[in-house]
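Shown next, in structure tokens, is the structure this report addresses.
The values are calculated or read from the model by the stated rules, or taken from the named source; none is laboratory data. As the structure is a prediction and not an experimental result, all values here were calculated from the model. Every residue, glycine among them, receives a Cβ derived from its backbone with ideal geometry; neighbour counts consider all protein chains shown.
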Amino acid sequence: MNISKNLQMAFVAALCSTATTAIAETAQTWDDILPYSRSLKTTESLVHALDNGAIVNASVDLSVCTRQDGGAASQTKGGLTVSPYRLQADGTLSFSDSHFTVSTRSGSPMPIMQFLRYTVAPQGAITVTSFIFSVPDYRLTSEVSFDCAINDGVSFHAAY
């Protein structure tokens with residue numbers, strides 16, 4: 001078994017060496033040759049990836065974004081897979097995420113439902129809005145929005 005693992009490691013090392021040499025000799029980047037880590041840096045590239053069936057993941061760092069109400073920055077980081085999505089006639093892309101979770105703000109654990117809406121403008125500006133509802137009555141308990149941008153608070157990566 002060690003021989004097989006050693007052969008695998010040698011093969012990977014040889015591939016990495018060959019790829020590094022090829023990249024150095026051409027104008028290619030790692031994003032060009034590694035499709036599972038292709039960074040999407042514009043709304044156009046994001047929409048193109050989604051329209052062509054790529055699996056698109058978003059990484060979110062709200063500490064980089066500005067709260068629309070002027071409140072303190074959030075230290076929340078997370079991620080999601082973009083599915084489904086909506087593209088409007090003006091080129092605005094939107095998608096959302098939702099999950100049940102538990103809040104301890106009141107001192108005791110309380111179930112909540114959170115919806116996150118992402119709106120991506122054609123120029124790359126992104127608004128992330130969080131809606132938190134109490135459970136089981138679904139009364140809105142919190143709504144806050146953040147201004148971000150592609151690669152400035154929200155990054156996208158595609159797998160083809």
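At-a-glance table
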{"item": "Residues of region 104-114 satisfying the condition of being more than 23 Å from the chain's Cα centre (by Cα) and closer than 10 Å to Val135 by Cβ", "result": "Met110, Pro111"}
{"item": "Subset of region 131-152 that is free of Cβ contacts under 8 Å to residues at least 24 places away in the same chain and surrounded by 17 or more Cβ atoms within 10 Å (Cβ to Cβ) - its residue that is nearest to the chain's Cα centre (by Cα)", "result": "Phe131"}
{"item": "Matching residues in region 43-64 - criterion: being in a helix (DSSP H, G or I) and aliphatic (A, V, I, L, M)", "result": "Leu46, Val47, Ala49, Leu50, Leu62, Val64"}
{"item": "Criterion (small (Gly, Ala, Ser), at pLDDT 90 or above and over 21 Å from Gly124 (Cα atoms)) met by exactly one of Gly70, Gly79, Gly53", "result": "Gly70"}
{"item": "From the options Gln114, Gln123, residue that is part of a loop (DSSP other than H, G, I, E, B) and modelled with pLDDT of 95 or more", "result": "Gln123"}
{"item": "Residue within region 79-100 that is in a loop (DSSP other than H, G, I, E, B), out of contact with any Ser or Thr (no Cβ under 7 Å at 6 or more places or on another chain) and of a type in the set (Phe, Trp, Tyr) present", "result": "no"}
